Amino acid sequence: MSAKLEMLIVDDSAMERKLLENIFSKQGFEISSVESGEACLEYLGMAEKVDIVLLDYAMEGISGLETLKKIREKKTHLELPVLMVTGKNKTGDIVETFSAGANDFITKPVDIEVAISRVNTQMSLSSLSRQAANAKEIHAINAMITTYNHEINNPLTIAMGSYEIFKRKRRDEDLEKINTALKRIADIVSKIEGVVDSGVEFEEYIESANLLKKHKG
């Protein structure tokens, strides 16, 4: 990262905050942390700039989900990426976080490599959106985010599931699944980095969202 990006960590557990601070300070982020949804909203109201928020799902007082909804009243997905940090991994819970406005999620206990990958993906998307805004290409970036958020979650889920199985059973086929999924993620991130300089075509997706169809070289 050429310039320091600011990350806000929101968690009512001092241990969880410290863990995330250690992980992402080593990735070059300027870290600020608070212990509640109320403090998060106050901080965002006063801070000159926050590039990304890691927000705990379950907190006393204002829950992470309610905090997220309040953030989205003022900041869009493009303006401020928010990743929910959650111990909940049921499909319904994950869908609920996306419906409330999350860009992505990180599951507890935190897998360091997966967490870094998800944060870096959102930072790449955010950077692209700012460049596209300057070039008045918001429509293209919205489609790209829809596409890559959709694409990247599948291999990440496969990698995470296979990793858990591999830890228990140490089977070569599970290791191969992890390897294939991680290569797919690297592929997608590579496409993200190259898309700004490319033309794009769109195909209809759901309601007003579009999926990126292909690059024009």
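Coordinate-derived values only; no laboratory data. Fair warning: this is a prediction, and the values are worked out from it, not measured in the lab. Neighbour counts are summed over all protein chains in view; Cβ atoms, including those assigned to glycine, are modelled from backbone coordinates with ideal geometry.
Before moving on, here are some points about what is shown:
- Across region 1-110, the mean sequence separation of Cα contacts (distance under 8 Å, 6 or more residues apart), normalised by length, yields a relative contact order of 24 percent.
- Cross-link pairs LYS26/LYS108; LYS18/LYS74; LYS26/LYS49 - those with Cα-Cα distance over 25 Å: LYS18/LYS74
- Built from the Cα atoms of region 1-110, the convex hull projects on average onto 6.5 nm², one quarter of its surface area.
- Order of MET123, MET84 under a 10 Å beta carbon neighbour criterion, fewest first: MET123, MET84
- Residues LYS183 and LYS4, FRET efficiency given R0 of 22 Å [Cβ-Cβ distance, rounded to 0.05]: 0.15
- The stretch between MET160 and MET15, if pulled fully straight at 0.36 nm per residue, gains 49.9 nm over its current Cα-Cα span.
- Modelled FRET efficiency - R0 35 Å, GLU48 with SER124, Cβ distances, 0.05 increments: 0.95
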